[in-house]
Amino acid sequence: MSLYQVNKFLRDINCSAALAERCRTEPDAVLSQYQLTEEEREALKQWQVRKLYDMGANPLLLLVYSLALGKDLRAYSQAMNPSP
């Protein structure tokens with residue numbers, strides 16, 4: 001996993017509302033700017049925050065990313081702690 005690139009992407013989304021908007025409308029174009037594995041790209045595109053967390057992504061950056069994508073805190077919490 002290219003953890004640095006995942007966290008860099010998540011940080012960049014936090015720092016730029018324009019990038020966050022582009023990520024919602026053109027995720028492939030945005031993600032192609034980062035050196036990510038196919039698994040990472042898919043997890044980011046599919047909003048698999050628990051999987052990204054398990055891979056080592058920063059949970060605070062995952063929260064900010066989720067909010068930038070229009071998810072609320074409840075959805076984030078449920079995605080991070082799925083019921084058995």
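The values are calculated or read from the model by the stated rules, or taken from the named source; none is laboratory data. Here the structure is a predicted model, which is why all the values come from computation and not from measurement. All Cβ positions, glycine included, derive from the backbone under ideal geometry; neighbour counts span all protein chains shown.
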Query - Within segment 52-71, considering residues that are part of a helix (DSSP H, G or I) and under 16 Å from TYR4 (Cα atoms), the one farthest from the chain's Cα centre (by Cα) - result: ASP54
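Here's the yes/no breakdown for (1) at pLDDT below 95; (2) surrounded by fewer than 17 Cβ atoms within 10 Å (Cβ to Cβ); (3) out of contact with any helix residue (DSSP H, G or I) (no Cβ under 7 Å at 6 or more places or on another chain):
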residue: ASN7; (1), (2), (3): no, yes, no
residue: ASP12; (1), (2), (3): no, no, no
residue: ALA17; (1), (2), (3): yes, yes, yes
residue: LEU67; (1), (2), (3): yes, yes, yes
residue: PRO84; (1), (2), (3): yes, yes, yes
**Report entry** Enumeration of residues in segment 35-52 that are touching a helix residue (DSSP H, G or I) at 6+ places or on another chain (Cβ under 7 Å), farther than 21 Å from GLY70 by Cβ and surrounded by fewer than 17 Cβ atoms within 10 Å (Cβ to Cβ)
**Finding:** GLN35
Query raised in the report: Taking the condition part of a helix (DSSP H, G or I), charged (D, E, K, R) and within 12 Å of the chain's Cα centre (by Cα), does GLU42 pass?
Result: yes
Query raised in the report: When segment 1-37 is examined, which residues are found to be β-branched (Val, Ile, Thr) and not in a helix (DSSP H, G or I)?
Result: THR37
Report summary line: Of the residues in segment 44-63, those that are closer than 14 Å to ARG24 by Cα and aliphatic (A, V, I, L, M) number 1
Report task. Six or more apart or on different chains, Cβ under 8 Å: which pairs go from a residue in segment 42-55 that's farther than 11 Å from ASN81 by Cα to one that's in a loop (DSSP other than H, G, I, E, B)? Could you list them? Result -> GLU42/GLN48; ALA43/MET55; LEU44/LEU36; TRP47/LEU69; TRP47/LYS71; MET55/MET1
Query - Failed item, numbered, when ARG24 is tested on (1) over 11 Å from TYR65 (Cα atoms); (2) at pLDDT below 95; (3) of a type in the set (Lys, Arg) - result: (1)
